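Taken together, the values in this text are just the output of simple stated rules run on the coordinates, not laboratory data. Note that the structure is predicted; figures quoted are calculated from it, not measured. Glycine also receives a Cβ, built like all others from the backbone with ideal geometry; neighbour counts cover every protein chain displayed.
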Amino acid sequence: MWLSVSLQSDARRVEALSEALMTAGALSVSVEDANAGTAAETPQFGEPGQEETAGFWANSRIVALFAPDTAVTDLVAEAAVAAGFDTVPAFDTAKVAEENWVQLTQRQFTPIRINDGLWIVPSWHEPPDASAINIQLDPGMAFGTGSHPTTRLCLEWLYESVRPGCSVLDYGCGSGILGIAAARLGAGAVLGVDIDEHALVSTLDNASRNGVAGIVKAQHCGKPLGAAFEVVVANILTTPLCLLAPVIAPRIADGGQMALSGVLEQQAGQVIDTWAHWITLEIGDSREGWIRLQGHR
């Protein structure tokens with residue numbers, strides 16, 4: 001068992017109090033929005049392309065973990081003085097049980113059914129349907145395990161859109177899940193593009209694990225994209241999708257098709273209007289407040 005200590009601070013003193021708790025003997029310190037889950041919850045970071053919110057939350061919760069036999073009252077008082085508090089802030093304590101985090105993580109990630117013919121399966125599970133296309137994918141440093149509504153919307157579209165031998169561009173490839181699915185569905189050439197080097201490594205590793213290393217390639221978004229593609233998919237967020245429209249749209253081949261996701265229902269008009277210069281988009285499907293936009297050139 002461990003001791004968890006939770007106390008609140010304004011943004012101005014979060015960093016000082018966190019450092020003081022570590023100096024006083026805390027094994028770890030984390031900071032979260034004290035208003036999380038309420039109407040007052042505020043994001044610390046906006047979408048890429050938007051102005052970032054600097055600093056911590058105005059009402060922050062600091063959670064420190066201590067060894068079970070620690071005299072936390074004295075240590076919190078010591079840390080509060082060091083951080084410049086006039087009085088010791090109120091705090092709550094709770095016992096935290098030791099966890100096998102590997103087993104806990106594995107219990108949280110189980111096979112995901114996209115449809116009867118396509119599953120996403122972690123490496124520690126047997127495929128539920130051996131006759132289906134089973135993509136082996138474990139959670140990692142890059143986005144995309146198949147559980148998020150936008151990923152599933154794109155996978156469903158790819159299942160209906162990919163034709164044998166077609167070329168596919170996955171812009172914002174993350175774990176590579178969409179490009180790998182396209183390759184397993186019969187695509188002849190797939191290019192994954194991302195700004196994050198970890199995502200490019202994940203894409204290539206996952207492609208190799210799924211037997212499509214010869215089909216799926218990956219490159220940084222700073223490099224030229226070259227030829228046009230018959231199928232283009234981009235599962236990012238609204239702001240970067242709008243900013244990147246002049247980059248991605250010209251890569252749709254004549255007669256090609258595309259799908260965009262990472263878009264909330266209320267943002268559909270913004271994306272449709274931005275892309276109207278190149279392609280007419282319409283809402284293809286929605287799930288849990290997210291939509292998939294799609295169109296043909």
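Hey, got the dipole for the chain? About the Cα centre, +1 on K and R Cβ, -1 on D and E Cβ, debye to the nearest 20?
Approximately 960 debye in magnitude.
Please list, in order along region 284-297, the HN-Hα scalar couplings obtained from phi with the Karplus expression 6.51 cos²θ - 1.76 cosθ + 1.60 (θ = phi - 60°), rounded to whole Hz, x for Gly and Pro.
Coupling constants for region 284-297: x, 6, 9, 7, 6, x, 9, 10, 10, 9, 8, x, 10, 8 Hz.
Which label belongs to the value computed from this structure, given these candidates for Rg and Dmax of the Cα atoms in Å: (1) 17.6, 53; (2) 18.5, 55; (3) 23.3, 71?
The value computed from this structure is option (3).
Assuming a ≥ b ≥ c are the square roots of the Cα gyration tensor eigenvalues, decide whether region 170-236 counts as rounded (a/c under 1.5), prolate (otherwise, with a/b larger than b/c) or oblate. Show your work: numbers first, answer last.
Numbers: a/c = 1.58, a/b = 1.11, b/c = 1.43.
Because a/c hits 1.5 or more and a/b fails to exceed b/c, region 170-236 counts as oblate.
Which one of L178, T203, V216 has its Cα pushed farthest toward the positive end of the charge dipole of region 142-240, where Lys and Arg give +1 and Asp and Glu give -1 at the Cβ?
It is V216.
Run the numbers on region 193-235 and let me know its relative contact order in percent, using alpha-carbon pairs under 8 Å that are six or more apart.
45 percent
Enumerate the whole-percent occupancy of each 10 Å bin, from 0 to the last occupied one, for all C-alpha pair distances of region 192-297.
Spelled out bin by bin, region 192-297 gives 14, 42, 34, 9 percent.
Give me the Å³ per residue figure for the convex hull around the C-alpha atoms of region 98-244.
In region 98-244, the Cα convex hull volume per residue is 120 Å³.
Of the DSSP beta bridges with both residues in region 204-297, give the percent that are antiparallel, rounding to the nearest 5.
65 percent
Towards the positive end of the charge dipole of region 137-270, with charges on Cβ (+1 Lys, Arg; -1 Asp, Glu), say which of S167, L153, V247 has the farthest Cα.
Of the options given, the answer is S167.
Applying a 10 Å radius around every beta-carbon, put 238-247, 85-94 in order of their mean neighbour count, most first.
Numbers: 238-247: 17.9, 85-94: 12.7.
Highest-to-lowest ranking by the protection proxy: 238-247, 85-94.
About the Cα centre of region 123-208, how large is the charge dipole given +1 on each Lys and Arg Cβ and -1 on each Asp and Glu Cβ? Please answer in debye to the nearest 20. Present the calculation step by step, with values, prior to reporting the outcome.
Working: 3 positive and 10 negative charges, 51 e Å.
In debye, rounded to 20, region 123-208 gives about 240.
Quick check: net charge around W124, other residues with Cβ under 12 Å of its Cβ, Lys/Arg +1 and Asp/Glu -1?
Around W124, the charge tally is -1.
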